[in-house]
Amino acid sequence: MNIAVIRGDGIGPEIVGEALNILNIIAEKFNLKFNYQDVYMGGCAIDKFGEPLPDVSVKACLNSDAVLLGAVGGPKWDLQQPENRPEKGLLKLRNALGVYANIRPAKMFNALKSACPLRDDIANKGIDFIVIRELTGGIYFGEHFINEDKDFARDVMTYSKLEIERIAKIAFETARIRNKKVTSVDKANVLATSRIWREIVNNIAKDYSDIELNHMYVDNASMQIVKDPSQFDVILTENMFGDILSDEASQITGSIGLIPSASLGADNTPWLYEPIHGSAPDIAGQNKANPIGTILAAAMMLRYSFKLEDAARAIEQAVNKILDEGWRTGDIFDAKHDDKNKLLGCKEIAEAIGERI
Ligand code: IPM
Ligand code: MG
């Protein structure tokens, strides 16, 4: 199994390094072999190649079986032209790999209930849903235009039937192995793309009569996520709504450093795995970062790309275990609400997870 490894910028190299240590432990325990190839993307690629995702990087990713990514970006590259910003590398990579389905779990860990910013009576009902975000269409990939005088601009949002159908299917399939409920989020009272979105999702739903489907406007959805997150199982939505709602969803779990994501595409192409948080340049290189989001992204890679469910579970169980035991990195350390909390560095918490595996 060949894994393209994008360490990226900021805390990226540290958290990815720890995730690879965990994969090596998994390889030993389950008698597997992972080959890693380092790939440059983001600020470090701008420094080395003058662009955020050079063709050699795209090629290396396309030739791999899966791509593991830390995080890209940082203040050093903030003044780059839009075409040459680190984020552009990420968008180009998603597009090159054709990873149209972004799976972002919003799960509150039991041990971390006190970190949930919502009222106790809401938090106690639990948070465990998945945002399925369309990732290669919509306004992100439409025309972005600014006129010469810079007094007029236009961003174009398009969706085709094929794009909507394939992401809807992923949502229904995901709900089928969960709690059998899909909430499709759109703005069908205003947007044309949303109106066909709704119709096409309704059509796909006919093949999934065991799944409950409801539709929700995006403004209402953003409110419902904080009012009663326990009502959600699978949220299906387009690219930009998904960007926004998935940040909101992860924040209410109180553990943004713990949440992984997977971006899936066609069966014969490599898929992309990354934590949902950014490159946190302020704590880079200080052994303070939380590697758990990346470690859980590696678990998702084992599950989705390599069909190694047992190995994925072994990682997830070890993470649950160390959290239950009270081990924390700085971002989730909370001695005020929990006197059993014990602070560890990036390296040490990964070691603890490795030992439990
Ligand atoms: C994300 C990020 C990216 C996005 C940025 C960095 C382009 O916010 O993965 O959610 O908007 O998709
Ligand atoms: Mg985002």
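The values are calculated or read from the model by the stated rules, or taken from the named source; none is laboratory data. These numbers come from a predicted model, not from an experiment. As a convention, Cβ positions derive from the backbone with ideal geometry for all residues, glycine included, and neighbour counts pool all protein chains shown.
If you go through the range 254-262 one residue at a time, do you hit one that is farther than 29 Å from ASP120 by Cβ, within 16 Å of ligand 2 (Cβ to nearest atom), buried (at least 19 other Cβ atoms within 10 Å of the Cβ) and not assigned by TED's automatic domain parsing to the domain that holds ARG178? Before the answer, list the steps.
Of all residues in the range 254-262, those farther than 29 Å from ASP120 by Cβ come to 262.
Next cut, within 16 Å of ligand 2 (Cβ to nearest atom) only: 262.
The next check asks that each one be buried (at least 19 other Cβ atoms within 10 Å of the Cβ); those that pass are 262.
Narrowing the set further to residues that are not assigned by TED's automatic domain parsing to the domain that holds ARG178 leaves 262.
Within the range 254-262, one or more residues are farther than 29 Å from ASP120 by Cβ, within 16 Å of ligand 2 (Cβ to nearest atom), buried (at least 19 other Cβ atoms within 10 Å of the Cβ) and not assigned by TED's automatic domain parsing to the domain that holds ARG178.
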- prompt: So which residues in the range 213-250 are within 15 Å of ligand 2 (Cβ to nearest atom), in a strand (DSSP E or B) and polar (S, T, N, Q), if there are any at all?
  reply: THR237
message: Testing ILE177 on (1) surrounded by 12 or more Cβ atoms within 10 Å (Cβ to Cβ); (2) under 21 Å from SER263 (Cβ atoms), one condition comes back false. Which one is that?
response: (1)
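Which members of the range 257-284 meet the condition of being within 13 Å of ligand 1 (Cβ to nearest atom) and either closer than 21 Å to GLY43 by Cβ or of a type in the set (S, T, N, Q) (or both)? Lay out the reasoning, then the answer.
Just the residues of the range 257-284 that are within 13 Å of ligand 1 (Cβ to nearest atom), to begin with: 259-263, 272-279.
Of everything in the range 257-284, those that are within 13 Å of ligand 1 (Cβ to nearest atom) and either closer than 21 Å to GLY43 by Cβ or of a type in the set (S, T, N, Q) (or both) turn out to be SER261, SER263, LEU272, TYR273, GLU274, PRO275, ILE276, HIS277, GLY278, SER279.
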- request: Mind checking which strands (runs of 3 or more DSSP E) fall wholly inside the range 102-161 and carry at least 2 residues that are in contact with a His (Cβ under 9 Å, 6 or more places away or on another chain) and away from ligand 2 (no atom under 16 Å from the Cβ)?
  value: 153-155
task: May I ask you to say which residue of ALA188, ALA168 is touching a residue at least 40 places away in the same chain (Cβ under 8 Å) and surrounded by 17 or more Cβ atoms within 10 Å (Cβ to Cβ)?
output: ALA168
- prompt: Within the set of pairs 6+ apart or on separate chains, which have a first residue in the range 247-258 that is closer than 17 Å to GLY330 by Cβ, a second that is assigned to a helix (DSSP H, G or I) and within 15 Å of ligand 1 (Cβ to nearest atom), and C-beta atoms under 8 Å apart?
  reply: ILE256/SER250; ILE256/GLY293; GLY257/GLY293; LEU258/GLY293
task: Might you let me know whether the range 266-283 holds any residue that is at positive phi and either within 14 Å of the chain's Cα centre (by Cα) or in the same structural domain as LEU32 (by TED's automatic domain parsing) (or both)?
output: yes
- request: Kindly establish whether SER209 is at pLDDT below 95 and either assigned to a helix (DSSP H, G or I) or away from ligand 1 (no atom under 16 Å from the Cβ) (or both).
  value: no
task: State all residues of the range 224-251 that are more than 12 Å from ligand 1 (Cβ to nearest atom) and at pLDDT below 95; if no residue qualifies, say none.
output: GLN251
